[in-house]
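> First the structure, which I've put down as structure tokens, then a few questions once you've had a look.
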Number of protein chains: 2
Amino acid sequence: MTAPAHGQEVVPKFRGPATTAPLGVELSERETPVHPDTRRRAPAAHVTLDAVAREAGVSLATASRALNGTTRVRDDLRGRVRAAADLLGYIPNAHAQALASPEGNRTVGLICHDVGDPYFAGIASGVMRAAAEQDLLVMLASTFREPAREIAYVSMLRAQRARAILLIGSGFQDRAWERAMDAELEPYVRAGGRVAVVSRHRSMRVDTVQPENRAGAAALAASLVALGHRDFAVLSGPPELTTVADRLAGFREGLAAAGITLRRVVRGAFTREGGHAAACQLLAAGGARPTCVFAVTDVMAVGALAALREAGVRVPEDMSLAGFDDIPVVREVSPPLTTVALPLTEMGEQVIALALRTPSGAGRSRVLRIEGNVVLRGSTGAPPGS
Amino acid sequence: MTAPAHGQEVVPKFRGPATTAPLGVELSERETPVHPDTRRRAPAAHVTLDAVAREAGVSLATASRALNGTTRVRDDLRGRVRAAADLLGYIPNAHAQALASPEGNRTVGLICHDVGDPYFAGIASGVMRAAAEQDLLVMLASTFREPAREIAYVSMLRAQRARAILLIGSGFQDRAWERAMDAELEPYVRAGGRVAVVSRHRSMRVDTVQPENRAGAAALAASLVALGHRDFAVLSGPPELTTVADRLAGFREGLAAAGITLRRVVRGAFTREGGHAAACQLLAAGGARPTCVFAVTDVMAVGALAALREAGVRVPEDMSLAGFDDIPVVREVSPPLTTVALPLTEMGEQVIALALRTPSGAGRSRVLRIEGNVVLRGSTGAPPGS
DNA sequence: GCGCTTTCAGAAAGCGCTTTCTGGTAAGGT
DNA sequence: ACCTTACCAGAAAGCGCTTTCTGAAAGCGC
């Protein structure tokens, strides 16, 4: 096996498509003997439809029609055009297509906080799968949780005239941000753009794939109560995220239904480290420890699990732990985490489907509710001493 | 000056999803009050530069220059243009820009096997971060390991005239595929496109971020031998992937250096389930079990770990297990996995930097070697009975 | 005050397509 | 044989920008 090429000369084994005589009108350029320093010259231009038409001996319009099949074209001509396109290695210029006709645009935008996060990666994976089926290209944007960047990306996607913009992840509960986002989205939609989101955006009237965060958290709370727990703490994320607010509220509701008051809420970043830190903080606090901890996302729960282990707290013997989302990793840790399962990939498929469906009509928006299923795994058990 | 006016009547009040939400996946619609006029109008056209120029009372050319700052424009005119653009909510049409000037294109393409896979998600995350810094938009493509789809995506990205195409993940060692890929890439590069890859592509002469798979696997083998192991098995992936071939070869080399012959290679899919299945197969086989197993990727190792646990094989007491890549999850499982650590995010940043750097000159390609670090964790220990 | 160079706004030529619109030709009707 | 249709290829008009190219006005030295 040859070593990877470091500074290797390109072997020009590919001589270009025009090795045979031109069929149609003369293309004098081709005849030009290749000057030795062509290498350094301006890059070879792209093959245009015009060149294909000339090669096939038809008009530009016919070439376009032959390739797109929009109108009937005589079979022999169509054949000639196809052959010419093949021969020249023609690839249409997507920008020109998009400019010439609105249907030419085959891209959608996907905005999430971080593809590196398994939650978003799961949803993105679903979006990619669905997009592939419809021959769409996805422009991905990671905001790294900066609201300003999110707005900027919407603007860029507007510039790209993306068919649809998909916003994954809950919105910020912040008036200024909401206003700015609305200001971006409203003209976009008005101009025919589609918008769909995963998770609730307080002020936005757009098609939504809505995980039942509240109900799911409440159901989880009920399950944990059923295990015998009475003493709970929550590891929460940034309160301005609607997802956090909803899950926390739902969990409280679920406890309240059993007459239990949530004892403690520790706030942390929406990351593995945030969960770790929050758990440490919880353990460091004095007083009786809760018997059960709910982390508002699995990512945080994983961090919390590590923190508990480091502190010598056995899960679930000393303390039960539950998360939310059911990202793949929670099945791999020991003990596997109890969580509220969300069909992430499917949600990704749904959100793009929602966006691409025929518009729901002026001023209408759809909400696709996604039920979360409580999955009890090894990380939860009866409270100690029961 | 009137505000953009296009029906600002939209009431920015959002009632939110009904809290009496029934559980289950269901679709509901909510209605937004809309001004009667707006209802069945054709979509409002986008604001064009022409409109801005008119609003500002200058020519199209001046408006363009004022906004892009390419040439000096009198201050008062520039101010007027900026104000007009703001007022109208002008967003340039990226397609038109890209068509009119090659520099107008601010997109790069990223092709990977599956963003849902933590290995690719990690690299993609790095790419996204670097792209954001340069104000580039990333078009993401997931091939789901179908070679044909990979080729098709390159073609689509060519059509988009992406500034650069990034290929993440090893190439297929398949002549037909290589030829087809070359045929796509060669004209692209010739036309000024940039290509960079992560992992070796046998036939491709392009800038490469090259994890030292071979050396890393060899070093891992040496470390495992040092722990006392003499009896090894490898859980391998599809042999046509260069990454698999290299890691397997490297591991063999490392063992050979200690005079050890690899006993067993079990092949599985390049996924968690593939690793699980391969491990099961290994255990099901008769004869003495190896004392140490190397899975060529962490993703497979995680599956293998689950399989071992299910089979009652203790890790590392009964059998040691090691992986490759150091994806985040391996630190969370118990025991944490020994692996060869690759700086995934950084690799993502590097590959886009490599692609965007000034061309290396005709026919030259760079290789950025990334060393992997052997990280011994709890999943490996002395062989049983030592 | 007269030619000279600068400076900078506007007209216009594309960029590479799609899609009318136009018109020629063949088929069909009487 | 004459007139309608139908069909389909080609000419041409954009799509929304950037960037020459052009020329008017202003600045300058003598």
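The values are calculated or read from the model by the stated rules, or taken from the named source; none is laboratory data. All values reported here derive from a predicted model rather than from experimental measurement. Positions of Cβ are generated from backbone atoms using ideal geometry, with glycine treated the same way; all protein chains shown enter the neighbour counts. Please note that ligands, DNA and RNA were not included when accessible areas were found on the heavy atoms of the full protein model with its side chains. Shrake-Rupley method; radii C 1.70, N 1.55, O 1.52, S 1.80 Å.
> What's the center-to-center distance, using Cα atoms, between segment B:276-296 and segment B:372-386 in Å?
Measuring centre to centre over Cα atoms gives 16 Å.
> Here's another thing I want to ask about it. Once you treat every alpha carbon in segment B:42-92 as an equal point and sum by Debye, what is log10 I(q)/I(0) at q = 0.15, 0.16 Å⁻¹?
-0.34, -0.38
> From the phi angles alone, apply the Karplus equation (6.51, -1.76, 1.60; θ = phi - 60°) to segment B:231-238 and give each ³J(HN,Hα) in whole Hz, x where the residue is Gly or Pro.
Whole-Hz 3J(HN,Hα) from phi for segment B:231-238: 10, 10, 9, 10, 9, 10, x, x.
> Can I ask one more? Considering every Cα-Cα pair within the protein assembly as shown, what fraction, in whole percent, is farther apart than 47 Å?
28
> Any idea what the relative contact order of segment B:213-342 is, in percent, if you count C-alpha pairs under 8 Å spaced at least 6 apart?
Averaging sequence separation for qualifying contacts and normalising by length gives 24 percent for segment B:213-342.
> Just tell me how shielded B:156-167 is by partners: mean number of partner chain Cβ atoms within 10 Å of each residue's Cβ, no decimals.
Partner-chain Cβ atoms within 10 Å, mean over residues of B:156-167: 4.
> Okay, moving on. Give me a single rounded figure for A:132-141: the average over its residues of other chain Cβ atoms within 10 Å of their Cβ.
5
> In nm, to one decimal, how far is the modelled label at B:Arg357 from the one at B:Arg190, with both set 7 Å along Cα→Cβ?
According to this spin-label approximation, the distance is 2.6 nm.
> Additional query: Which FRET efficiency, nearest 0.05, do B:Arg202 and B:Ser59 yield, Cβ-Cβ r, R0 51 Å?
E between B:Arg202 and B:Ser59, to the nearest 0.05, is 0.40.
> Any idea of A:Glu186's accessible area? Nearest 10 Å², probe 1.4 Å.
The accessible area comes out at roughly 60 Å².
> So, taking all protein chains as they sit and a 1.4 Å probe, how much accessible area belongs to A:Arg267, in Å² rounded to tens?
Probe radius 1.4 Å; accessible area of A:Arg267 about 150 Å².
> Pairs of Cα atoms under 8 Å, at least six residues apart: use those to get the relative contact order of segment B:42-92, whole percent.
Rounded, it is 44 percent for segment B:42-92.
> What is the packing order of peptides A:271-277, A:259-265, taking the mean over residues of other C-beta atoms within 10 Å and listing the highest first?
Output ranking for A:271-277, A:259-265: A:271-277, A:259-265.
> Determine one quarter of the surface area of the Cα convex hull of segment B:210-281, which equals its mean projected area, and express it in nm² to one decimal.
Averaged projected hull area, Cα only: 4.7 nm².
> Per residue of segment A:170-181, in order, report the coupling 6.51 cos²θ - 1.76 cosθ + 1.60 (Karplus, θ = phi - 60°) as ³J(HN,Hα) in whole Hz, putting x for Gly and Pro.
Rounded to whole hertz, the list is 5, x, 8, 8, 8, 3, 5, 5, 4, 5, 5, 5.
> Hey, another quick one. Please give the average number of partner chain Cβ atoms lying within 10 Å of the Cβ of each residue in A:208-220, rounded to a whole number.
The mean count of partner-chain Cβ atoms within 10 Å per residue comes to 2.
> Determine by what factor the alpha-carbon radius of gyration of segment A:213-341 differs from 2.2 N^0.38 Å, reporting the quotient.
It is 0.92.
> OK, next. Under a 5 Å amide H to amide H cut-off, with H placed in plane at 1.01 Å, what residues pair with A:Val340 once short-range neighbours are removed?
Placed amide hydrogens put A:Gly323, A:Phe324, A:Asp325, A:Asp326, A:Val375 under 5 Å from A:Val340.
> How big is the Cα convex hull of chain A in projection, averaged over all directions, in nm²?
So the mean shadow area of the Cα hull is 27.3 nm².
> Here's a follow-up. If you scale each eigenvalue of the Cα gyration tensor by 5 and take the root, what three semi-axes come out for segment A:62-181, rounded to whole angstrom and sorted largest first?
Rounded to whole Å, the semi-axes are 39, 16, 11.
> If packing is taken as the average number of other Cβ atoms within 10 Å across a peptide's residues, how do A:329-337, B:84-92 rank, most packed first?
Per-residue Cβ counts within 10 Å, averaged per peptide and sorted highest first, yield A:329-337, B:84-92.
> Along the Cα-to-Cβ line of A:Ala288, 7 Å from the Cα, sits a label point; which residues in segment A:207-250 have backbone N less than 16 Å from it?
Those under the cut-off are A:228-233.
> Over chain B, give the accessible area per residue in Å² for a 1.4 Å probe, as an integer.
Accessible area per residue: 43 Å².
> Oh, and also: Apply 1/(1 + (r/R0)^6) to the Cβ-Cβ distance of A:Ala222 and B:Glu346, taking R0 = 45 Å, and write down the FRET efficiency to the nearest 0.05.
The pair A:Ala222/B:Glu346 has a calculated efficiency of 0.50.
> Shifting gears a bit: Given H placed 1.01 Å from N in the peptide plane, which residues other than close sequence neighbours of B:Leu368 have an amide H under 5 Å from its amide H?
Those qualifying (amide H under 5 Å, at least 5 residues apart or on another chain) are B:Thr208, B:Val209, B:Gln210.
> Here is a follow-up. Given Cα pairs under 8 Å that are at least 6 residues apart, what percent is the relative contact order of chain B?
Computed over chain B, the figure is 15 percent.
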